[in-house]
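**Student:** I am attaching a structure below and will ask some questions about it afterwards.
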Amino acid sequence: MLVLGGTAFLSAAVVELALERGHQVSCLNRGRRRSPAPGAELIAADRDRGEVAYAGATGEWDAVVDVTWQPAHARDAVAVLGGRSAHWAFVSSASVYADHDVPGAEEGDALLPAYGQQGPAQIELYGEAKVACEVACAEAVGDRLQVCRPGLIAGRGDPSDRFGYWPARFARPDSGDVLVPDRSEQWMQVIGVADLARWLVDSAESKTVGTFNLVGDPMPLSAMINRVQHVCGSTAAQVAVDPDWLVQQQVNFWAGPRSLPLWLPSEGYTGFGARSNKAAKAAGLQLSTLADVVKESLGFEQELGVDRERTAGLSRETEAALLAAWSARSDKPVAGPEGQS
Ligand SMILES: NC(=O)c1ccc[n+]([C@@H]2O[C@H](COP(=O)([O-])OP(=O)(O)OC[C@H]3O[C@@H](n4cnc5c(N)ncnc54)[C@H](OP(=O)(O)O)[C@@H]3O)[C@@H](O)[C@H]2O)c1
């Protein structure tokens, strides 16, 4: 198996599992992160250099897995290696879809226009770039191709800090009150990185082709947060805060600094956390329980330190300031004589 990548979160998990199953594995990357798992061969190359980057990947491959989001990387890889691999898995993203408003949407849903400019795509056009990668793969290796479209991935090695914010937050020893968005009607779904790696290695072995959403089972965001709290054994009080107020306080949606991870705008995202995973399940996808995904994510967060500076979420100070401002706001309902508000 040749993994284009292989030393980060998902692609590293694919390499480890393929090795465990006794496959011979090579990883092509620049060698800027950790070394590939012991037993895997490193083919050091920079894909920004074009087709020459693949010169070291000689011979025939039973399976190639590519995780890039740069159309030129995807195009050059299939041009050089496509004719020498019996199966090709391109890891795309649910961000390729044009709309995120319909719960239960399946793989035939309309896509964004493919990125068509010269040169590398910028992150703002991530979805369009992934569409262009899918098109390049379909044109070159369509008869052997699996397009895998994950939604939110969680677990060991997650560099985005998104899902892990919640277990880390509830696992803080001096937890205090926990600020949560008051969005009980929002859907969310998460897939564990181990489940996705298993799906990709199974697919390489069985040569499964087609296009699949790789997403967890949808549930209300509030239920997901409650489940995280339960698994963390936390008895902290949740303070559910009005989303409009959070927006006024410049708290960001979904990810990044000063955010409440996984929280989405109320308009336009009704189906974002509720895509269908029927096709992948019919083709053999096995999902761990949410509790198991949380436990793995919690273990990883505890190793890193639950109070560390994060790339996604609210800092301790920001959350405390927001909770104080929420409790002191002048427009809050006043408690009546019977204690009702
Ligand atoms: N995280 C999520 O929730 C989520 C959701 C939907 C879809 N996805 C998709 O899931 C996949 C995740 O893949 P991943 O975790 O393995 O991480 P990744 O960040 O997509 O890939 C990183 C790997 O590619 C290598 N690489 C990067 N630039 C390179 C270059 N110019 N030349 C050669 N190698 C290069 C890196 O090694 P070096 O830096 O050493 O070169 C590393 O091994 C991606 O396709 C992502 O788009 C993720």
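The values are calculated or read from the model by the stated rules, or taken from the named source; none is laboratory data. Just so you know, these numbers come straight off a predicted model, no measurement behind them. Heads up, the Cβs are rebuilt from the backbone with ideal geometry, glycines too, and the neighbour counts pull from every protein chain shown. Side chains included, ligands, DNA and RNA excluded: accessible areas come from the protein's heavy atoms. Shrake-Rupley method; radii C 1.70, N 1.55, O 1.52, S 1.80 Å.
**Student:** Report, by residue number, each residue of region 160-176 that is open to solvent by 20 Å² or more (accessible area, probe 1.4 Å) and touching a helix residue (DSSP H, G or I) at 6+ places or on another chain (Cβ under 6 Å).
**Tutor:** If the condition is that a residue be open to solvent by 20 Å² or more (accessible area, probe 1.4 Å) and touching a helix residue (DSSP H, G or I) at 6+ places or on another chain (Cβ under 6 Å), then A171 is the only one that fits.
**Student:** Okay, next question. Here is a list of conditions, (1) of a type in the set (S, T, N, Q); (2) farther than 18 Å from W199 by Cα; (3) within 15 Å of the ligand (Cβ to nearest atom); (4) touching a residue at least 24 places away in the same chain (Cβ under 8 Å), and Q122 meets all of them except one; can you say which number that is?
**Tutor:** (4)
**Student:** Further, regarding this structure: Would you check which residues across region 81-93 are touching a helix residue (DSSP H, G or I) at 6+ places or on another chain (Cβ under 9 Å), within 26 Å of A197 (Cβ to Cβ) and not aromatic (F, W, Y) and list them?
**Tutor:** Of everything in region 81-93, those that are touching a helix residue (DSSP H, G or I) at 6+ places or on another chain (Cβ under 9 Å), within 26 Å of A197 (Cβ to Cβ) and not aromatic (F, W, Y) turn out to be L81, G82, S85, A86, H87, A89, V91, S92, S93.
**Student:** Could you list all residues from region 2-22 that are in contact (Cβ under 8 Å) with a residue 60 or more places away in the chain and open to solvent by 20 Å² or more (accessible area, probe 1.4 Å)?
**Tutor:** Within region 2-22, A8, F9, A13, E16, L17, R21 qualify.
**Student:** If you don't mind, there's one more thing I want to ask. Within the set of pairs 6 or more residues apart or between chains, which connect a residue that is closer than 23 Å to T211 by Cβ inside region 282-300 to a residue that is open to solvent by 50 Å² or more (accessible area, probe 1.4 Å) and not in a helix (DSSP H, G or I) with Cβ atoms less than 8 Å apart?
**Tutor:** So the pair list comes out as L287/D217.
**Student:** Restricting the search to region 65-77, which residues are open to solvent by less than 10 Å² (accessible area, probe 1.4 Å) and either among the small types (G, A, S) or more than 10 Å from the ligand (Cβ to nearest atom) (or both)?
**Tutor:** Once the filter is applied, which keeps residues that are open to solvent by less than 10 Å² (accessible area, probe 1.4 Å) and either among the small types (G, A, S) or more than 10 Å from the ligand (Cβ to nearest atom) (or both), region 65-77 yields P71, A74, A77.
**Student:** A further question on this structure: For region 115-159, which residues satisfy the criterion of being part of a loop (DSSP other than H, G, I, E, B) and open to solvent by 30 Å² or more (accessible area, probe 1.4 Å)?
**Tutor:** The first filter runs over region 115-159 and keeps only residues part of a loop (DSSP other than H, G, I, E, B), leaving 115-122, 151-152, 155-159.
The answer is G116, Q117, Q118, G119, P120, Q122, R156, P159.
**Student:** Specify which of the listed residues (G104, G56, G108) is assigned to a loop (DSSP other than H, G, I, E, B), of a type in the set (G, A, S), more than 10 Å from the ligand (Cβ to nearest atom) and in contact with a strand residue (DSSP E or B) (Cβ under 7 Å, 6 or more places away or on another chain).
**Tutor:** Every option except G56 fails the conditions.
**Student:** Please tell me if R49 is away from the ligand (no atom under 12 Å from the Cβ), assigned by TED's automatic domain parsing to the domain that holds R144 and open to solvent by 70 Å² or more (accessible area, probe 1.4 Å). Outline the logic, then answer.
**Tutor:** Working: away from the ligand (no atom under 12 Å from the Cβ): no; assigned by TED's automatic domain parsing to the domain that holds R144: yes; open to solvent by 70 Å² or more (accessible area, probe 1.4 Å): yes.
The answer is no for R49.
**Student:** Also, I was wondering about something else. Taking the conditions exactly as written (farther than 16 Å from L221 by Cβ, open to solvent by 50 Å² or more (accessible area, probe 1.4 Å) and either outside any loop (DSSP other than H, G, I, E, B) or in contact with an Asp or Glu (Cβ under 9 Å, 6 or more places away or on another chain) (or both)), does S276 satisfy them or not?
**Tutor:** Against the criterion (farther than 16 Å from L221 by Cβ, open to solvent by 50 Å² or more (accessible area, probe 1.4 Å) and either outside any loop (DSSP other than H, G, I, E, B) or in contact with an Asp or Glu (Cβ under 9 Å, 6 or more places away or on another chain) (or both)), S276 does not qualify.
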